[in-house]
Structures are given as C-alpha cells and as structure tokens.
Amino acid sequence: MNIQTVGVIGAGVMGKGVAQNLAQTKHKVVLIDISEDILEKAKSDITNNLRFQGFFNKSKQVDNYEEIIANIQFTTDYGSLDAVDFVIENVIEKWDVKENVYHDLDRLCKKDCIFACNTSAISITRLGSATNRPSQVIGTHFMNPVPLKEMVEVIRGFHTSEDTIVTTKNLLKQMDKDCVVVNDMPGFVSNRVLMLTVNEAIFLVMDNVASAEDVDKIFRSCFGHKMGPLETADLIGLDTILYSLDVLYESYNDPKFRPCPLLKKMVDAGLYGQKNGKGFYNHGNN
Ligand code: NAD
C-alpha cells in the first residue's frame, strides 16, 4: 500500500519532527494536538526548522518551505482523521493519556488504518490491547531530531502482523528512513540501555562526583560519543526521561530503573531541557 495521508498525533518535540519529515517527503499530514496555541507554535517551529536546517546539513537545505508547510493540516479535531491511511502517535509518555488516545483512534479511523506508536518505553503489546486491531499496531521509535536522523527502531508487538511490518517499512522508506525491527519489551533495545545510562549520569551529578559538563566530556572524549548522556537528556526532554523511567520501573518492577531524585526535582522545578530553555545546560529563551 502506498501511504498518502498520515495522521500525526501530538505536536511536541517528536510530533513536529515526524510531521515535518512526512511533509518534506510529499505526504499529506493531519497534525493533531490539544490546543490551538500548541499548534501555532508547532507551525512556527517547523517553518524555522525548514528555513535553517540547511545550516546544519547542506544536503537537507530546502527552499520551498511554504509548499511543505501547506502539506500539513494543523487541527485539534480528531474527526479529521477519518480518511487517513496511517497514524503516527507521539503524545506524552503517560499510559493513561496514550490509552485514551488509542480508544479514540480505534473509534474514529478507518478499519484498515495502521497505528504506529512513537513511545520511548511503553510496551507496544500493551498499547495494542487498547484497540480492537492489535495486529495493526506497531512501534516506530523515531530518533530526535526526526528529519535529521535516518534510523528508526521498529517494534513488533505480540500481535503485530507481517503486513503491518511491511507497510510500515514502506512508509519509512518513503520518509527516507532506514529501520531495525526488534521484538517488544518495555524500552525495547535503545531505551532499556540509554535510560539507565542517563539516570546514572544524573546520580553522578547529584552525588557531586562530577559536573554535568565533565560527565559529558568523558563520554565525548573517552568513548567518542557525539553527545554525552546529560546533553542527550536535555535534547530528549527531562520530563520525557522521567516518564520513561517511571514506565520502565513499573513495567519490570526492578529497582535499577528508579528515577534519580535530582531528575524528579528538576522536572518539578520546570527544568525540561532544550524544549523550554533550561535543563543541565542553558539553551537560551524558548
Ligand atoms: P512532548 O511533551 O514534547 O509532546 C507531547 C505532545 O503531546 C504535547 O504537545 C501535548 O500537548 C500532546 N498531547 C497530550 N495529550 C494529547 C492528546 N490527547 N491528543 C493529542 N496530543 C496530545 O513529548 P515528545 O518528546 O514529543 O514525546 C512524544 C512521545 O515520543 C513520547 O511517548 C516520548 O516518549 C516519545 N519519544 C520521545 C523522544 C524524544 O527525544 N523527546 C524520542 C523518541 C520517542
């Protein structure tokens, strides 16, 4: 199936990137969030990203950004999803919010529409159980920033069908993405490891072993990582890191996933990282 129109749910860090990537690769997009203010900010952020992404990667330069933006319908109306072929869901990493979203999607979308979950850690099998179409539910764990990252971790839920995997791979190819398919367990491959590393790096700062800058420097200069774990945490969003650790802790009942108290304190203080200007680093006013 050649996917033409895609519903993108959630216009935060990831939803904006997914919508932009789809629009740039000539798909029609219905981008949904809960308020007009959020959608307006999403439109202006996507426009700025399109304008400036050539500065970071010459091959990604675009001149026709108005045409690209016109491929995206910005709306709070879930009813606009009635004709979409495929949905990529990117709402906040909280089970109760996602569960309600999947109930709505199942009720409103066409019978053959596939639901791809962009989640950091929640089991795809569990998300599939919130619908009457678990064979058409799959995980697509995109990397941030979506338009610049070529690899997607695709997760096969317990009931995910081969047809769903093939259609998803085709759509990702249309989006100029490559993918690795893995089996379902909370956190999958990437975040079962990354979240532990980030959390332990935050414990190092809390225990006053080293500053955030020095922790990151060690990972960059000793291990050749492009970014250290705390720069990565700021990029992902400290709120999303905390919610993902909560999911892992609850899913495995294993204390190794308990979120660092400093992380909780920073999230309580409204320090979310790049998305709102301050986390372990200052990112200017956002
Ligand atoms: P975010 O907080 O930036 O955005 C979440 C968006 O969902 C917000 O704009 C919010 O208003 C919206 N939302 C909440 N309830 C909604 C509803 N009922 N209907 C429509 N929209 C709703 O979070 P994010 O970083 O974009 O993460 C989204 C998902 O992607 C999460 O599950 C996260 O774990 C996952 N993820 C995040 C990253 C990352 O680097 N940030 C990477 C991969 C996957």
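Taken together, the values in this text are just the output of simple stated rules run on the coordinates, not laboratory data. Keep in mind the model is a prediction, meaning the values are calculated, not measured. When we count neighbours, we look across all protein chains shown, and the Cβ atoms used for this are built from the backbone with ideal geometry, even at glycine.
Using only C-alpha atoms and all pairs of different ones, pull out the Kirkwood radius for the chain in Å with one decimal.
19.4
So which residue, out of R220, R126, R192, gets the largest mean-square fluctuation from a GNM of the chain using Cα contacts under 10 Å as springs?
Among R220, R126, R192, the largest GNM mean-square fluctuation belongs to R220.
Under a cut-off of 20 Å between alpha-carbon atoms, report the lysines in cross-link reach of K264, not counting same-chain residues fewer than 8 places apart.
Filter leaves K94, K256, K275, K278.
List the aspartates and glutamates whose alpha-carbon lies under 19 Å from that of K217, not counting same-chain residues fewer than 8 positions away?
Cα-Cα hits under 19 Å: E200, D207, E231, D234.
Mind checking which of D112, D246, D184 has the largest fluctuation in a GNM of the chain, springs on alpha carbons under 10 Å?
It is D112.
So, with +1 on the Cβ of K and R and -1 on the Cβ of D and E, and no other charges, what is the size of the charge dipole of the chain about its Cα centre, to the nearest 20 debye?
I would put it at about 480 debye.
If all Cα-Cα distances of segment 148-250 are sorted into 5 Å bins from 0 onward, what percent lands in each bin, rounded to whole numbers?
For segment 148-250, the binned pair fractions read 2, 11, 17, 18, 17, 15, 10, 6, 3, 1, 0 percent.
Under a 10 Å cutoff between Cα atoms, tell me which one of T47, T168, T140 has the largest fluctuation in the Gaussian network model of the chain.
Per the Cα network of the chain with a 10 Å cutoff, T47 tops the list.
Please list the three semi-axes, largest first and in whole Å, of the ellipsoid equivalent to segment 193-266, using sqrt of 5 times the eigenvalues of its alpha carbon gyration tensor.
They are 21, 13, 11 Å, listed largest first.
Relative contact order for segment 147-286: what percent, with Cα pairs under 8 Å and sequence separation of 6 or more?
19
Counting DSSP beta bridges with both partners in the chain, what percentage is antiparallel, nearest 5?
So the antiparallel bridges amount to about 15 percent of the total.
Pulled fully out, how much extra length does the chain show between M227 and A70, if you take 0.36 nm times their separation in residues and subtract their Cα-Cα distance?
53.1 nm
Per the chain: cysteines with no other Cys C-beta under 4.7 angstrom?
C117, C179, C222, C260
With +1 assigned to the C-beta of every Lys and Arg and -1 to the C-beta of every Asp and Glu, and no other charges, what is the dipole magnitude of segment 191-268 about the Cα centre in debye, to the nearest 20?
180
Could you give me the ³J(HN,Hα) list for segment 129-137, computed from phi with Karplus coefficients 6.51, -1.76, 1.60 and θ = phi - 60°, whole Hz, x at Gly and Pro?
6, 7, 10, 9, 9, x, 6, 9, 10
Normalised radius of gyration for segment 1-152, please: alpha carbon Rg relative to 2.2 N^0.38 Å, two decimal places. Provide the component values of the computation, followed by the final result.
On the way: Rg = 14.9 Å, N = 152, 2.2 N^0.38 = 14.8 Å.
Cα Rg divided by the expected 2.2 N^0.38 Å: 1.00.
Multiplying the sequence separation of K110 and D268 by 0.36 nm and subtracting their Cα-Cα distance, what value in nm do you get?
Working: separation 158, 0.36 × 158 = 56.88 nm, distance 3.98 nm.
Once the chain is fully extended between K110 and D268, it gains 52.9 nm.
Please give the calculated 222 nm ellipticity per residue for the chain, where each DSSP H segment of at least 4 residues contributes -39500 (n - 2.57) and the sum is spread over every residue; nearest 500 deg cm²/dmol?
That calculation yields -14000 deg cm²/dmol at 222 nm.
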